[in-house]
Each structure stands twice: as C-alpha cells, then as structure tokens.
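Down below is the structure, laid out as structure tokens.
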C-alpha cells in the first residue's frame, strides 16, 4: 500500500514536486510558507514514507549547496480514458510523464465488465514491457456523467449497462490500488491544464467534440463539477426548437446537430442525396462514413464536407458564445476526436463568439485547439489520481 | 484607521465572528484548526487591535466556563446599492445587521459626481440618526460591469459618464475608509448567500431582473467574476435571431425581450394597440407605464399583463435552462425589482428549465424568489467590504 501524506503541508510539497519536477529544498522553501526548520521536518518525514527521495546536491546559489529531492521514481500510475468507440490506457511516472500508451477500439455499449477486461489486458501488456511492476493509483475517464465522490456512472445516455456500476470500487479491487473516476471531458480539461495549451490559465472552458459533445469547466485551477456532477453537460442545450430529434427526447439539441455522430449522419445523407466527390468515393470504398472521413474529405477540398464543418462550427459557436457571456473564461480550448476538423471549425466558432459575446469577455479571449491530442485524457487521469494519493488520507 | 488582521488565522476568526455572532473561545476552537494555546494567542492579539472585544463568560459546557468574544460593537459599515433609477444606502454593524436604511430615486445617467453627492447626503442623514459616527469601510454596487481589483466601471451600457470613473478611489477619499466596488448582481448574490434564501447553498446562480438583466455566479461560497470581471453578463445572450434590436448593436438580446424596460415598452405598445383594462387605466392616470405597473395590473387580473409576464418568464427560462445544463447549480435565485411579478414569472421559468435541462441537473434544483428584497444588495455590499477589512492588509 502506497503511503499517504500526513498533513496539508506534505500534500502541497508532493504536488509541487509533481508539477515542477526535482527541486532543491531551497527552491521549495521559496514556494511554501514554512519556516526552514518546519520545511526540513516535513521533507524528512516524506522521505521516511518513501514517497520522496534525495536526489543529490543542487547547483549552487551562493553559500552552502542545497539538497535536491524528488518524488520516488518507482511510483507508477495507470491512466484510462474510455471513449464511445476506443479506449486509451497509459502508464505515467509521478511527474505525469507518459511512459507507455496503448489505444484499442472498443464498443462502450458492451458494458463495464467487457470493457474493463480489455483495460486490464492492456494494463498487463504495458506492465509486460517492464515500465511498471504494480500501480500506486489509477485514474479513469468515462464518456458520461459520474457521481464523483463514489465514482459511479449516473444514467449515461450512450453507455447502456453502465448505470450505477461501481467502477471505482470494482477496479480498485482488481488493481489493488486507489482509483478515481471522472467524466472524460473533465479529464481532458485537467490534462490540458497540467501539460497542454491551458498551462497558465486558471479559469477556462474545454469543449470536447467526440461522438457527443461536452464541456469541462475549470475554476481557479480546479474542475468545477456542479451540485450533482453534471456541470458542463452542454450536448443537450437547444440550438433549434424545430431541429433534429435527439435520443434524449427533446428536439434540436446541440449534439443532435453537431457532434461526431451528427456529422457522419449528415455526410451520409448528402451522399445519398446525390453529392459526388471525395465523400462519395470514401463511402463506396468502405461502406460507411465517420467524422474522421468528413475531416479527411474537407482536407482534400470536398465542398460538402467543408460546408458541414463550417455549419457545425457556427452551431457550436452560438452555444459557446452564450457560455462566454455567462462565464467570461480566460480561454476556450476545443478538442476531441473531431479536432481533425481543425481550423475551419475554429474559424466558424470564433466568428460566432466574437460577434455575439460582449467585448469585455472577448477582448483577450483565445479560442484554440487542444494540444495534447489523445494524451490529454490520460494525463488528466494521472492528475486526478495523484491529486488523490498526494492528499492526506 | 481601522486595524487589519495580521494573518490568515486572525482573518478566519473575524469572519466566523461576523457570520456566527458572539462566540466562546471553545466554540471557535471547534471551528478552526488551531491548538488551544495558538488560538489564545491569536484572540488576544485581535483584542489588542480593538477589532474584537471580550463579552463576558459563556454558558457552562461542564468544567471551567469559557470566555465569550465578539467583534467590536463600535464597527460600522456603509453599504451602497446603486440602481438605474434609485439608490439604497444602509449602515450595518460588524455582524452585518442593517441598523438604518434609506432609499431615494436617482437617475444613474446624471453621472457619478451627482449620484455620489446623493449617496454622501444619505450617509450623512444616517449618521445624524446617531447609528454611526464614522465608517470602517464601505461596499458599493453599481448596475454595470466593474474592473474588480481597481473598483472602476468598464463601459457600463446604461451608465453614460461612468466609464473609467475611479469610484473606489474617489469614494475612499470622501469617506476616509477602505471602499470596495462590485456589480450590483454579484452583491445581491452575496447578500442572499449571507442572510437570505441561499444561506446553505455554496454553488448557485442569482438572476436579477431589474431595468436590465444579469446573473450572479457563486462557486464554493465565493462570487465568480470571470477572467475580466464580466461573468454573469447574460442580458445580451441571444434569444431570437430575428428579435428586437438592442442598444448593444445586436438583435434579439435577452434584455431587449424581457427586463423592466422591455416590459414597460411592451405594455405601452399593447395599450396603444387598443387593449383596454387595468393597464390602460394606469396609463390614463399617470401618463406612463413601468414594470411595477405591469406587476400591479397582473395582480389585478389584467390579461395582457399576465401574458406579458408569462411570455417573459418563458424567455428568461430558456436562457436559464442553458445555464443550468452548463453550470449544474444547487439553486437558482430570482430577484430584482421585477420580483413583484412573482409566482407567474417563476412558474414559466420552471416549466422551461425542468423541460429542457437534464434530469441530473434539475432533480434537486430549487428555483426560488430572493428573500431579502432591497436589503440583498446592501447586505452583499457589507459582505464585500468586511471580506476586505477582515483580510490581512
């Protein structure tokens, strides 16, 4: 069983070492409000637990050279990012560097037992490469709402069979380590905050466009989850009262109009209505069309694909404009599988936001693509679980 | 010059005494993580500053009786809530009880110099009643966006002449005490959180419908102001792309469709179009119609007034439904001058929110009227300034 810090000071030191890497005692002393002697006591106690190790002498800043310390390089965290159609599994060290990463297609509708069989298999393969012997904790993202304190999915619309499944408890038993579970969008936001485009931004929105569409909300550097854990559930905001029917029972929901699934549907309809060109060729080749095909067709200059992406960007942009008016974020990050749609999507979104939201909110507002791609979710999962194991028990 | 606490422990003790009233040292010891001896040191230091005074012996809990302490009953705070057409000025004690309160019609468009002449006159009248000799701080709310750290209005749409006026600095010189300035909607939210309907709720939205419309956002018990202080500016969220033109330059903004001003405009148009009844009688009587007239006419059973309020409630409700999906608040508080519209307005809003937002977000969501009426803003102003003067300098 991995040790846990004994108090808030030790927890803060562990997170500083996680986020800043090996540091000298003097450097840490500059960052925490502890007297020199108190700092020495807490560091020595952390070294006694094995969570922190000595790491030689620091470069001189004049006077006696300070001792470097770092998180134990033996610590390993398992990071799992479950999507609707694929899963990413990674192993990180305590500074959250990804040491190994596997991706595998799955169908989340197979249910939790089948999906976690894949996940455990992938974890075993990563272990077999020699990068980990065991895990000191695991973070898990799922594509649906989570009752966060218990780590249990709550009526996730695209995940039949998962409702109320005790993900956290079951996986914790299988792995023999602490587990934390969150919505995949929140993990993407955490990941981009730790190591991606939002590194220096403490209040921002992260819009993830995948099979569905969701939004991570970061307030003061922490994920805001809302009163019952459903904050950021923007996929069912109405964009058109007379719009497409949505599986949720309403009409005109954002994700019924623009999402990976909606894009594939509209592309298929366009080809069936007689549109020829790159999209039609792709359908003829594979018998199906996905959002990725639309992205590739747009890159190849297909006019219908470009129009679909632009129209979708305007629709997401109209919703994001309302959120920007309301929330006044310091940045809007756009990511998810559909970021292959890239700059055409961003340009349409920006047009809507800059036109509709008040100048005070848009004056310094970057609307940018996520940087970490498939590593955002697993990096966020590593943040989530290390936030936990680097807290007092 | 009023003393300030020396450290975070003292600041926490001052706020506990503000929010909980006179307490025994033992009771405070239960609430803060301080050893008994450290607590005694900090309390004695606070007593030495004059911010805190001894208040006799507490009731026995067995063993030696503990000493009561309280905030100095001499402390006085000036609270100013400036609206578009009237201003509230109040004086509170350090527990934020309102000791005296005046309301006076003003026109905010007269500019800051004229308005603060009224405010200082009202403060003088309150002093003359004997409830205050001087002020230890002042909190001020204005009906427009504020650059919060500096206390300066930023391009407030309904406040010509106020842009960039140094409210905080000017008033601080006039009064000889620290001053904090915020948006009136944020102060209403703070007031309802301190002493009103949201006392036990840490994440909530406060929708204020007055001449315009705005939203206070409370996260973890603190007002969330956004990256540039414009968070909650929902009046210009689009509700109808082909809707009424708005002074902001766009079309179909929420507050162009429903707000005190929009309601008066629509009521006038209905009477001019030939509607007879209570509204027409009121116009004949006074030569003008206000939102208050519409509320009174609805109470008297006027069909057009009732319809206008219901239609407005549906429009605000559609916007609030989007915010509820996004933010998953623990409560939605509805207040402002238009709360005279009361339950017809609430019912229409609830219909939209419960129909449009996801069940997980609406399952336990109270949508309720504000409780404090005109005292919400001044109570919030008192929270704002005491948060400041009860913080380390």
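The values are calculated or read from the model by the stated rules, or taken from the named source; none is laboratory data. For clarity, every value in this text was computed on a predicted model and none was experimentally measured. Methodologically, a virtual Cβ is constructed for each residue, glycine included, from the backbone with ideal geometry; neighbour enumeration extends over all protein chains shown.
Just a few scattered comments:
- Pairs where the first residue, in region A:235-254, is free of Cβ contacts under 8 Å to residues at least 40 places away in the same chain and the second is loosely packed, with under 14 Cβ neighbours inside 10 Å and outside any loop (DSSP other than H, G, I, E, B), C-beta under 7 Å, 6+ apart: A:251/A:245
- Boolean, residue A:371 is over 19 Å from residue A:235 (Cβ atoms) and either touching a helix residue (DSSP H, G or I) at 6+ places or on another chain (Cβ under 9 Å) or within 12 Å of chain B (Cβ to nearest Cβ) (or both): yes
- Hey, residue B:263 facing another protein chain (nearest Cβ under 10 Å) and surrounded by 20 or more Cβ atoms within 10 Å (Cβ to Cβ) or not: no
- Taking the listed residues B:232, B:191, the one that is crowded, with 24+ Cβ neighbours inside 10 Å and facing chain A (nearest Cβ under 9 Å) is B:232, with no other qualifying.
- So residue A:330, is it surrounded by fewer than 24 Cβ atoms within 10 Å (Cβ to Cβ), free of Cβ contacts under 8 Å to residues at least 24 places away in the same chain and not assigned by TED's automatic domain parsing to the domain that holds residue A:85: no
- Criterion: without any contact (Cβ under 8 Å) to a residue 60 or more places away in the chain, in a loop (DSSP other than H, G, I, E, B), buried (at least 22 other Cβ atoms within 10 Å of the Cβ) and more than 14 Å from chain A (Cβ to nearest Cβ) - qualifying residue of B:279, B:289: B:289
- Test: residue in region B:129-136 that is touching a strand residue (DSSP E or B) at 6+ places or on another chain (Cβ under 6 Å) and not in a loop (DSSP other than H, G, I, E, B): no
- Qualifying residue in region B:116-138 (condition: modelled with pLDDT of 95 or more and closer than 23 Å to residue B:236 by Cβ): no
- Residue satisfying condition, being within 14 Å of chain B (Cβ to nearest Cβ), buried (at least 22 other Cβ atoms within 10 Å of the Cβ) and in contact with a helix residue (DSSP H, G or I) (Cβ under 6 Å, 6 or more places away or on another chain), within set A:294, A:319: A:319
- Members of region A:346-364 that are over 19 Å from residue B:253 (Cα atoms) and out of contact with any strand residue (DSSP E or B) (no Cβ under 7 Å at 6 or more places or on another chain): A:347, A:348, A:363, A:364
- Counted residues, region B:203-221 - those being surrounded by fewer than 24 Cβ atoms within 10 Å (Cβ to Cβ) and at the interface with chain A (Cβ under 9 Å from one of its Cβ atoms): 3
- Filter result for residue A:47 (within 30 Å of residue A:125 (Cβ to Cβ) and in contact with a strand residue (DSSP E or B) (Cβ under 9 Å, 6 or more places away or on another chain)): no
- Scanning region A:123-149 for residues that are more than 21 Å from residue A:213 (Cα to Cα) and either crowded, with 20+ Cβ neighbours inside 10 Å or within 14 Å of another protein chain (Cβ to nearest Cβ) (or both) returns A:123, A:126, A:132, A:135, A:136, A:137, A:138, A:139.
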